[in-house]
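The values are calculated or read from the model by the stated rules, or taken from the named source; none is laboratory data. Please read all numbers here as calculations on a predicted model, not as lab measurements. Because the Cβ atoms are built from the backbone with ideal geometry, glycine has one as well, and the counts that use them run over all protein chains shown.
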Amino acid sequence: MAELDDDPLINRDARYPIAVGQDVRVRIERRGVADAAAYEGTLLDLSPGGARLGVPISFSFADAVRLTADFGVESALSLEADAEVCWIRPAEDGSWIVGCSFTPKIAPELLQQLASSAIIDRRQGARQTATAAATASWELGGTLIPIQLRNTSSGGFCITSPRCAATGEQVLLHLRKDDETISFIAARIQWCLRVEDQFIVGCALKDGKDYAVLREWSAANEPEARVEALTMCLRNNRNRIPAISACVWALAAIAWVVVS
């Protein structure tokens, strides 16, 4: 059987990847085949017109299949759709990646519900990994809580938070700079996913112009950037280090005498 790679002309719909922390299992079986075996695979992404799956066996081009996916008890959502295999390629681990098209397309409302339930990620901009720590308040006026950026894109960002957030709720990031000024980034909660004792929260920027501010601050506050800035500071002040060290030791000695 020839190996067929992904053809972008087959399905022009935007694809939405499965969100971080989700593992959606899908049952796939050939239609029109008596006593056809059913196989369990993994849903990798979803669009109105099709899906990309990870499966343990190869299928043939144009195979008619039926897909059944259960998105978990908490979401109470499921998908059953007839599809056709459009392309196939081998994966590095010996399994197969299969692209399928739906006829007819699935309802946009299902995709919206899956996004609201944090099962798919509908952000289209390229994601930039981030780990900088910041603070945030919910509904533009609540108590500040510590958060950590996970990634950013032109349309929004993802954070780890100690508190849950409701879809549609507003959040205000407080980004403190080295000169003690604060930049504020307003966003709206798109989804919230609990992972152990933390929550992963997907947010959409209310003003796309804030992305440049967010990226600049994130890049300057990543741990690696902080270490590099400290290293440069020490290099630029290496002639002053002995004097500074002497002062620190003198102050420590004075403090010890006072305490004694």
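Screening residue 135 with (1) outside any strand (DSSP E or B); (2) surrounded by 15 or more Cβ atoms within 10 Å (Cβ to Cβ) gives one miss only, at (1).
Among the numbered conditions (1) loosely packed, with under 14 Cβ neighbours inside 10 Å; (2) farther than 14 Å from residue 134 by Cβ, the only one that residue 170 does not meet is (1). Of the residues making up the range 53-73, not one is basic (Lys, Arg) and part of a loop (DSSP other than H, G, I, E, B). Could you please tell me which pairs satisfy a Cβ distance under 9 Å, a separation of 6+ or placement on different chains, a first residue in the range 21-47 that is more than 23 Å from residue 121 (Cβ to Cβ), and a second residue that is of a type in the set (D, E, K, R) and not in a strand (DSSP E or B)? Correct list of pairs: 30/63; 31/63.
Is there a residue in the range 184-202 that is in a strand (DSSP E or B), of a type in the set (D, E, K, R) and either under 20 Å from the mean Cα position of the chain (by Cα) or modelled with pLDDT under 75 (or both)? Write out each step before concluding.
As a first pass, look at the range 184-202 and keep what is in a strand (DSSP E or B): 184-195, 198-202.
Narrowing the set further to residues that are of a type in the set (D, E, K, R) leaves 188, 194.
Restricting the remaining residues to those that are either under 20 Å from the mean Cα position of the chain (by Cα) or modelled with pLDDT under 75 (or both) gives 188, 194.
Yes: the range 184-202 contains one or more residues that are in a strand (DSSP E or B), of a type in the set (D, E, K, R) and either under 20 Å from the mean Cα position of the chain (by Cα) or modelled with pLDDT under 75 (or both).
Residue by residue, here is whether (1) more than 11 Å from the chain's Cα centre (by Cα); (2) at pLDDT 85 or above; (3) in a strand (DSSP E or B); (4) of a type outside the set (D, E, K, R) holds:
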{"residue": "113", "(1), (2), (3), (4)": "yes, no, no, yes"}
{"residue": "118", "(1), (2), (3), (4)": "no, no, no, yes"}
{"residue": "140", "(1), (2), (3), (4)": "yes, no, no, yes"}
{"residue": "150", "(1), (2), (3), (4)": "no, yes, yes, no"}
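Could you please give the count of residues in the range 19-46 that are among the hydrophobic types (A, V, I, L, M, F, W, C) and under 17 Å from residue 193 (Cβ atoms)?
Initial filter on the range 19-46 (among the hydrophobic types (A, V, I, L, M, F, W, C)): 19-20, 24, 26, 28, 33-34, 36-38, 43-44, 46.
Add one more test, that the residue is under 17 Å from residue 193 (Cβ atoms), and what stays is 19-20, 24, 43, 46.
Summing the residues that are among the hydrophobic types (A, V, I, L, M, F, W, C) and under 17 Å from residue 193 (Cβ atoms) in the range 19-46 gives 5.
If the condition is being of a type in the set (A, V, I, L, M), more than 25 Å from residue 158 (Cα to Cα) and out of contact with any Ser or Thr (no Cβ under 7 Å at 6 or more places or on another chain), then the range 27-60 contributes 28, 33, 34, 36, 37, 38, 57.
Please verify whether the range 182-199 includes one or more residues that are in contact (Cβ under 8 Å) with a residue 40 or more places away in the chain, farther than 26 Å from residue 25 by Cα and either touching a strand residue (DSSP E or B) at 6+ places or on another chain (Cβ under 9 Å) or surrounded by 14 or more Cβ atoms within 10 Å (Cβ to Cβ) (or both). Break it down into steps so the answer makes sense when it comes.
Initially, the range 182-199 is screened for residues in contact (Cβ under 8 Å) with a residue 40 or more places away in the chain, giving 186, 190-193, 195.
Right, trim to farther than 26 Å from residue 25 by Cα and you get 186.
Now drop any that are not either touching a strand residue (DSSP E or B) at 6+ places or on another chain (Cβ under 9 Å) or surrounded by 14 or more Cβ atoms within 10 Å (Cβ to Cβ) (or both), which leaves 186.
Yes, the range 182-199 contains at least one residue that is in contact (Cβ under 8 Å) with a residue 40 or more places away in the chain, farther than 26 Å from residue 25 by Cα and either touching a strand residue (DSSP E or B) at 6+ places or on another chain (Cβ under 9 Å) or surrounded by 14 or more Cβ atoms within 10 Å (Cβ to Cβ) (or both).
Rundown of residues vs (1) under 28 Å from residue 157 (Cβ atoms); (2) not in a strand (DSSP E or B), yes/no style:
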residue	(1), (2)
23	yes, yes
85	no, no
94	no, yes
105	no, yes
